[in-house]
Each structure stands twice: as C-alpha cells, then as structure tokens.
Amino acid sequence: MNQTSSPDLFSPVTKYGIEFSNAIVMAPMTRSRALGSVPNDLMATYYQQRAGAGLIITEGNSPSPNGIGYARTPGIYSDEQIEGWKKVTNAVHAKGGKIFSQLMHVGRVSHSANMPAGAKILAPSAIQAAGDMWTDSQGLQLKEKPQAMTSADIKATIAEFARAAIHAVEAGFDGVELHGANGYLLEQFLNPHTNQRTDTYGGSVENRSRFALEVTEAVANAIGKNKVGMRLSPYNVFNDMGLYPEIAETYAYLAEELSKQDILYLHVIDYAARTSDEGLTLLKSIRRTFSNLLILNGGYSRERAEQVLHNGEADMVSFGTPFIANPDLHYRLKHGIALQESDPNTFYTPDSKGYTDYTFA
Ligand SMILES: Cc1cc2nc3c(=O)[nH]c(=O)nc-3n(C[C@H](O)[C@H](O)[C@H](O)COP(=O)(O)O)c2cc1C
C-alpha cells in the first residue's frame, strides 16, 4: 500500500474515534413505510439490507408531532417510536453498520391530514408553500398556511430537537443529522423569502442563521458534538424556496459557525451550487472553512465520487436513489457490477414492494 495514495471510496474513514467502514454514505430518504409514524420490522429489514454503507442516514425523522408533514413518516418523540427505532439500529449494528437518524422538522411543508391530533403547522413566518402534497385520508391537498412561530414556539422547538437527539442515542443511533436542507424548517429560517421576522431570528444573515445554529448547539450539548451532522443545500429551490442575493454569504457564515461548534460533519447537496461560478466558489470555501468531515451528495457515480475524494473536495460521498434498488451498492460499486434501476412508483407506497424486494448481486 502506497502511503501517498488518495483516499478512496472503499477505505475506512475515522473521525472522533468513530470508524466508518468505507466512504459511501446512504443519503436520507423518506420512504413512507412508518405506519402510524412508528418504525417497524419492515424498516429494520430495509436498513439492515443496506448496512454495507460506511454510514446510513435514516429518512427524515420528526422530533415533534408538529414536524410530521408527510404521510406515514416516522417520529422520535414517543416511547413507542424509540422502541421501534431500536429494531432498526440493532439490525444495522448486527451487520457491522453505522446509522445516524436525520432529524427533520418539515415546518410549513405540511398538511394537517398527515399530522397527529393537536399538532400545529409552524414556520418562521405565516407564508404558505406553493404546491400540493399527498394525504392518505383526503388525497392530494394544497399545503396549508403555517402559523408564525412565537418566541415560546422557537424555544420549545429547539428543546424538542435536543430531546429527540437524546431519544436517538437511547434508541441506539450512532448520531443524528440535522435537516437544514430542501426547504424544511431550518432552511425556512435561513431564507428571507420564508423568514420575514423582525425579531433576532430574522433580517440579517446572522439573525436568519440563529435558529439553525441554536438547534445545533442544543443538540450538541445534549448528546456530544461528535455525534452531530448538519445537512445543507445552498442554491436548491426545492419546496418553493427561491433564490436570494446573500446565499453565498449565508452558507459561508454557517460553515464558519458550525466549524466553531466542531460538529462531526457537514452534508452538502451540491448539484444546484455546481451550476454557477459563485456556487463553485462557495463549495470550495465551505471545504476550507469547515474543519471536520464533509460529505457531498447529488447525482454521484462511482467515478465522480472518486474524483471529489481524490481532489480533496470531500471526505465521503452520499448516494440516494442508487441505494433504493441496490441494497448492496458498496459491493456493486467496488466490483463494477451494473446497478439496478429503482421504480419511482414505489418510493412512497406503504409495503415491501419496491422497498425490501430488490435483489443482491
Ligand atoms: C425517495 C426519496 C426520498 C428522499 N427523502 C429525503 C429525506 O427524507 N431527507 C433528505 O434530506 N433528503 C431526502 N431525499 C434527497 C436525497 O437524500 C438525495 O439528496 C437525492 O436523492 C440526491 O442524491 P442522489 O442523486 O444520489 O439520488 C430524498 C430523495 C428521494 C429519491
């Protein structure tokens, strides 16, 4: 072995004493199999099948009844949910895998028909997201207008994240990823189109970043900074987010502050950023500023993943859709075995079809 050889996709990655068996990460993917928002045996089988990844990040998992927006998505706020997740973490650990839970609060991307009784649709400002979403009881429905969060709501929501992180550790997760991407609650605070607050959580870049940074701090204090990652998606307009002039400034600031907080990793969905010079410059500056692990995601093949690792642009690469139809993705990539195609019609259906029935090479 040549000591000067570049890191590759199939070698272990170690940070803060955690060893990931390879640099291949399974990206978080909502799959809507959590009937009643409780994780089950079918989900344990699905994640166990994919335990060859160096790190699995679960589907979005809500820290609060208020954070459930989609049909059949899980939470981690009740004892029953913690018990359900234990089945998943035990199944993955039995195969030698590592698993983080993605804590996802949808904020305004929601409909009350998908939420537990008494839950509230909360967001930084009362601005409705365009578009509709699936509900099991009423079919397609427009997303509903959220309530602007009060100071008390903000405090309570930060506390929910910290409690959920403690629950995640109790359930056996190796850590948590905070979902700061794709237009959900944390990003709704970052973006001035969805955050029109006039208090200390709105206005300047620092103020708009405050909620995400306070959530991170609370979670790191609760379970340890070495167990915390953050997902970001600069320039991505998914969920009616819209571009704004200070995007680069906002994400450069976040990278700097998250680096000061010394959390384990940043997970950046980079495909939107890669379409402009400004975005490419931002990605480079995030890499320079953030001193711990950087995971990149978005349309990666083995070749492109190896390229960013060799160039020192990232430490790990996550794959989403390729993991749906290829439970043994790490093995197929390593041995150059053709990948199977996934069927989008079964991405969010409730049973094992298109979920646990994809074959191994
Ligand atoms: C079915 C499906 C569900 C997804 N759910 C989530 C999610 O819960 N949380 C999240 O951060 N991203 C989610 N994503 C985005 C993926 O994590 C990933 O960013 C995206 O698929 C691009 O990576 P890929 O080109 O390797 O598929 C989802 C993607 C798919 C296809």
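Each value in this text was obtained by applying a stated rule to the coordinates, not by laboratory testing. These numbers come from a predicted model, not from an experiment. When we count neighbours, we look across all protein chains shown, and the Cβ atoms used for this are built from the backbone with ideal geometry, even at glycine.
The ranking of Tyr77, Tyr348 from fewest to most other beta carbons within 10 Å of each one's beta carbon is Tyr348, Tyr77. Considering only Gly279, Ser209, Leu333, the residue lying farthest towards the positive end of the dipole of the stretch 13-346 is Leu333, judged by Cα position with unit charges set on Cβ.
When the chain is treated as a Gaussian network with alpha carbon springs shorter than 10 Å, the biggest mean-square fluctuation among Ala212, Ala164, Ala117 belongs to Ala117.
Stokes-Einstein diffusion for the stretch 9-112, with the hydrodynamic radius set to the Kirkwood value over Cα pairs and evaluated at 20 °C in a medium of 1.002 mPa s, equals 152 µm²/s.
Note on the stretch 13-346: dipole from Cβ charges, positive end direction compared against Gly180, Thr73, Phe100; the farthest Cα belongs to Phe100. Over the chain, the pair-distance histogram of Cα-Cα distances with 20 Å bins from zero comes to 31, 62, 7, 0 percent, rounded to whole numbers. Summing charges over all other residues whose Cβ lies under 13 Å from the Cβ of His179, with Lys and Arg as +1 and Asp and Glu as -1, gives -2. Start at zero, step by 10 Å, and the Cα-Cα distances of the stretch 152-287 spread as 12, 44, 34, 9, 0 percent across the bins.
Could you tell me what percent of the DSSP beta bridges with both partners in the stretch 34-168 are antiparallel, to the nearest 5?
On the way: 4 of 11 bridges.
Roughly 35 percent of the DSSP beta bridges within the stretch 34-168 come out antiparallel.
Residue order for His179, His111, fewest other beta carbons within 10 angstrom first, comes to His111, His179.
Electrostatic bookkeeping for Ser21 treats Lys and Arg as +1 and Asp and Glu as -1; over the other residues with beta carbon under 11 Å from its beta carbon, the sum is +1.
Rg and Dmax of the stretch 173-238, both derived from C-alpha coordinates alone, stand at 12.4, 38 Å.
What list do you get for Leu282, Leu185 if you sort them by fewest beta carbons within 10 Å?
Ranking Leu282, Leu185 by Cβ neighbours within 10 Å, fewest first, gives Leu282, Leu185.
State the Kirkwood hydrodynamic radius of the stretch 38-183 in Å, one decimal place, computed from all pairs of distinct Cα atoms. With all distinct Cα pairs of the stretch 38-183 included, I get 15.7 Å. Each 5 Å bin from 0 upward holds the following percent of the Cα-Cα pairs of the stretch 279-361: 3, 13, 20, 19, 14, 12, 11, 7, 1. Debye-formula intensities of the stretch 227-276, expressed as log10 I(q)/I(0) at q = 0.29 Å⁻¹, are -1.18 (one equal scatterer per alpha-carbon, no solvent). Where both partners of a DSSP beta bridge lie in the chain, what percent of those bridges are antiparallel, to the nearest 5? About 20 percent, rounded to the nearest 5. In this structure, the amide hydrogen of Thr135, modeled 1.01 Å from its nitrogen in the peptide plane, lies closer than 5 angstrom to those of Leu140, Gln141, counting only residues at least 5 positions away or on a different chain.
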